[in-house]
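The next block holds one structure in the form of structure tokens; read it before the comments.
The values are calculated or read from the model by the stated rules, or taken from the named source; none is laboratory data. No experiment lies behind these values; they were computed from the predicted model shown. When we count neighbours, we look across all protein chains shown, and the Cβ atoms used for this are built from the backbone with ideal geometry, even at glycine.
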């Protein structure tokens, strides 16, 4: 019998929890946590296993949740959890923060059953159709600690390639999976990553459809 990893939910709102159970619970195994402490303890326990997807209400964790997610951006060999934020807070800066650190989507409350199911199904489809990237933050002995989530993904793809050469289309498919992404989006992330690599003696070179990670010549 195949055991499917459950969807974990951090939300103390009983009305929302009931909606999760009445919609998602019909299709997926769920595990609900009423507070951040119980969620964090379970996540840290190797015996618990990793959830397939997290649905999180930030108001139940405050700054603890932000620190939890920040920890994945700088951690070596640690995979960012697949997450959807579900919140009544529509503050633009907060939404930008969670999307920047790597959450898949931000769903505003009050929840609509059809939207919830559709976004969860889309997230699970994207997860099931991509290779998991285990972040590599060491570039020939140089620690990379100031990268965004996407920049971490991109540099990891390069470091997983023996020649450190990547086809543009392959890079987009690996990082964004089945999500439609304009090539200019990749160019912006690569441009920002190059600015961070050059001070330590590296660059990303573009040649037609290929990108390759190169060490800069030593300065005299």
Is it the case, given these coordinates, that residue 44 is surrounded by fewer than 19 Cβ atoms within 10 Å (Cβ to Cβ) and either at pLDDT below 85 or not assigned by TED's automatic domain parsing to the domain that holds residue 107 (or both)? yes
Taking region 70-88 as the region of interest, how many residues are in contact with a helix residue (DSSP H, G or I) (Cβ under 9 Å, 6 or more places away or on another chain), at pLDDT 70 or above and more than 19 Å from residue 12 (Cβ to Cβ)? 5
